[in-house]
Each structure stands twice: as structure tokens, then as C-alpha cells.
1. Counting each DSSP H run of 4 or more residues in the chain as -39500 (n - 2.57), what helix-only mean residue ellipticity at 222 nm follows after dividing by all residues, to the nearest 500 deg cm²/dmol?
2. Taking only protein heavy atoms into account and a 1.4 Å probe, give the accessible area per residue of segment 126-272 in Å².
3. If amide H atoms are built 1.01 Å from N in the plane of the peptide, which residues on other chains or at least 5 residues away come under 5 Å of the amide H of Val141?
4. When the Karplus curve 6.51 cos²θ - 1.76 cosθ + 1.60 is applied with θ = phi - 60°, which whole-Hz ³J(HN,Hα) does each residue of segment 188-195 get, with x for Gly and Pro?
5. Can you list residues from other chains, or at least 5 along the same chain, whose modelled amide H is less than 5 Å from the amide H of Ala176?
6. As I understand it, the dipole of the chain uses +1 on the Cβ of Lys and Arg and -1 on the Cβ of Asp and Glu, about the Cα centre. Which of Ser261, Phe27, Ile182 lies farthest toward its positive end?
7. About the Cα centre, and with charges only on the beta carbon of Lys, Arg (+1) and Asp, Glu (-1), how big is the dipole of the chain? Nearest 20 debye, please.
8. Cα-based Rg of segment 121-280 per 2.2 N^0.38 Å, rounded to two decimals?
Amino acid sequence: MDSAYYNGHYAETDKIRIPLSDRAVYFGDGIYDAAIGRAGEIYLEEEHLNRFFENAERLNLKTDVDRAALSNILKTVAENSGYARYFLYFQLTRNAHTRTHAYPSDARSNLLVTATELKSATRGGVKLITVPDLRHHLCNVKTLNLIPSVMASRRAAECGCDEAIFIRDGIVTECAHSNLLIVKEGAIYTHPTDNLILPGITRARIEKICKCLTIPFYEKRFGVEELYSADEVIISSTSKFSVKATHIDGIKLAENGTYISSRLRNELLLDFNGKSMLKF
Ligand code: PLP
């Protein structure tokens, strides 16, 4: 069953209630992270916890829950769910009593964790559309302010697509809820980790896999032309691992006979299942 935790209480997800004084309700004032796991473990746990606590610090969200306690809570929620493979969502939101933009300096935070079943990751290729990147300049922080991504994802769904690629000033940044990488002449290219993209945990793992497999990995800005003419276009995220795109904006991408996307995906799946032979 879907299982949850909220400020010290464990329960079925539907039984949890959050207070209206939670500033997530009015301002989306909080951060979140999402990880997956199996067999009582959390895949790339350290990386997810690092990102979560760094983001909390950036937004001055204070919590008494430290890394060890959070790790314990996440594993308990996963265990309570009974799912063999789980998707863990965890968020920290600011709590204050009156709606006011400038939060009180002593505001405490609310911690919410949920576990749902991890569904089999998309196997086949995905269809993408391009949309303008209307997001703020804090894309490196995993905040709850997700309206441009929500609208872009809805637009993708209406077009029969799986994801939306953001274009900012002619540059491909990332997708609504995934990073984007292209393959060109045997090398990977992806947007640098500045404030315009989320530093994806899967993207970082792919970089390490590339190092092990001696596939060149470059952080470099590129535009729509390079996107369309790439040998392969790949999206990556915690729940999807990495998946190759087959179409962008309704146009079928050329098959150039390169298989870097499937090599990366296989390595990520082996890694998740604890069967990787790579020395990270
Ligand atoms: N970029 C955005 C905007 C995202 O929301 C996500 C995941 O939710 C990603 C990239 C992929 O990040 P990760 O690999 O850590 O799941």
C-alpha cells in the first residue's frame, strides 16, 4: 500500500493531513527530492540526501531531522509500504501561522515522505516536444514551484508525447522532469550544471558510467539545430533511468546506428539491481 510519514507519524498516505499553516499551500515554500530503491536500500542514497540537505540550506529551511534520521525514515516508509521496488518522495516545507511573504526567522519545517510502487521503467523510445523555458533562475534547486514544468508536461501529453524539452534563448536546457543529453560522433553533450538546470542524480551517474566506459562526456550548451541533428537524444531521471527519444516535435529522429543510449541504460539498470561490474 502507499505509505507515508509526516512530522513523526507513519500512516497510509491517504490518512495523512497537512496543516493550512504549511507555507507550501500558499507559496510552494519548500523543497523536495525523489529516489528509488529495492531490497531495503535506496539507490544513490548519498547523492539524494546531499542534494536534499543542500537545497534546504539554500532556502534556509531548518529541520531537526539529520541525514541518519532521514535515511531511517525513508527506509521505514519503504518497508511499511511492502513494495519490493519503491519510489520515495520526500519534501521539506516551511511552517508559519500567518500568510506573509517574508517568513519568520524561527519558522520550523514540516517533513513529508511517501512511498509508492516503482513501476517498470519505460523501455521503448519516448516522444518529445520543444517548449519555451518559462522557469525562474533557480532551476538548480528542487523547489516546489513547478508550474512551468506542470504546464509543459500537460502540453506534451496533449501532443501525445512523454516529455517537454525546454528551450531558453535558443539553448536546450533540460526537460520538464528529466535532464537531456545528446550523442554526437560517439560523445555525450549536455547543458552545464548552472542555475538553469537541475543537477540530476541520474545525469551525474551517467557521467561516471561514461568515464568507466571511456565515452567522452562534455558539458556544453547547444541549440535546437544540434538537438535535431544529434545521433541520439537521451533523457534521464530517477524513475526513467535513461531513455532514447524517437521523435521530437512530431519528427522522427534518424537512426544513425549508434547504441550509446542502450549501453547507458543497461549499465544504469545493472547498477540499480546491484549487478554492475563497473568500478565507480
Ligand atoms: N530535471 C528536472 C527539471 C527534474 O525535475 C528532474 C527530476 O525530477 C530531473 C532533471 C532528473 O533528476 P534526477 O536524475 O535526479 O531524477
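The values are calculated or read from the model by the stated rules, or taken from the named source; none is laboratory data. Quick caveat, the model's predicted, so the values are computed rather than measured. Backbone-built Cβ (ideal geometry, glycine too); neighbour counts: all protein chains shown. The protein model used for the area step is the full one, side chains on, heavy atoms only, and it has no ligands, DNA or RNA in it. Shrake-Rupley method; radii C 1.70, N 1.55, O 1.52, S 1.80 Å.
1. Here the helix-only value at 222 nm equals -8000 deg cm²/dmol.
2. Details: 6430 Å² over 147 residues.
Here the per-residue accessible area is 44 Å².
3. For Val141, whose amide H was placed from the backbone, there are no distant partners under 5 Å.
4. Calculated HN-Hα couplings, in order: 9, 10, 8, 4, x, 7, 10, 7 Hz.
5. The answer is Ala164, Phe166.
6. Highest projection toward the positive end goes to Ser261.
7. Details: 35 positive and 35 negative charges, 41 e Å.
In debye, rounded to 20, the chain gives about 200.
8. On the way: Rg = 14.7 Å, N = 160, 2.2 N^0.38 = 15.1 Å.
Against the compact-globule rule of thumb, the ratio is 0.97.
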